[in-house]
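**Q** Starting off with a structure, shown below.
The numbers here are math on the coordinates, done by the rules we state, and not lab data. It should be emphasised that the depicted structure is a prediction, and the values quoted were computed from it without experimental measurement. Don't worry about glycine lacking a Cβ; one is built from the backbone with ideal geometry, like all the others, and counts go over all protein chains shown.
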Amino acid sequence: MKITSTIARYLLGLIFVTFGLNGFLHFIPMPPPTGVAAQFFGALFVSRFYVVIFLLQIMPAVLLLASLGKTARHQRHLLRRVGLG
């Protein structure tokens with residue numbers, strides 16, 4: 001079970017890193033959205049809010065890959081250290 005959770009943690013971390021970095025580097029080509037989706041993404045890019053979204057994908061990915069978020073006790077310690085708990 002420990003091996004399964006380790007593999008799942010690393011896969012999830014790699015997925016988050018890949019798609020988070022894709023928001024900045026655009027190495028996975030995507031067709032342009034149409035309709036309401038185009039308006040929504042246009043508003044995100046004009047307001048620069050997409051930076052927050054992609055950073056919120058990259059930061060947990062780094063924690064997953066560095067094995068810093070694997071126990072609840074450790075997460076509470078990190079929150080106390082930052083001043084949020």
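**Q** Just to verify a number: FRET efficiency for TYR10 and GLN39, C-beta to C-beta distance, R0 = 41 Å, to 0.05?
**A** Given R0 = 41 Å and the Cβ-Cβ separation, E is 0.65.
**Q** Can you compute the modelled spin-label distance between LEU78 and THR18, with each label point 7 Å from Cα toward Cβ, in nm?
**A** Calculated label separation equals 2.2 nm.
**Q** Two decimals is fine: what's Rg over Rh for the chain, C-alpha atoms, Kirkwood radius as Rh?
**A** Checking Rg against Rh, the ratio lands at 1.09.
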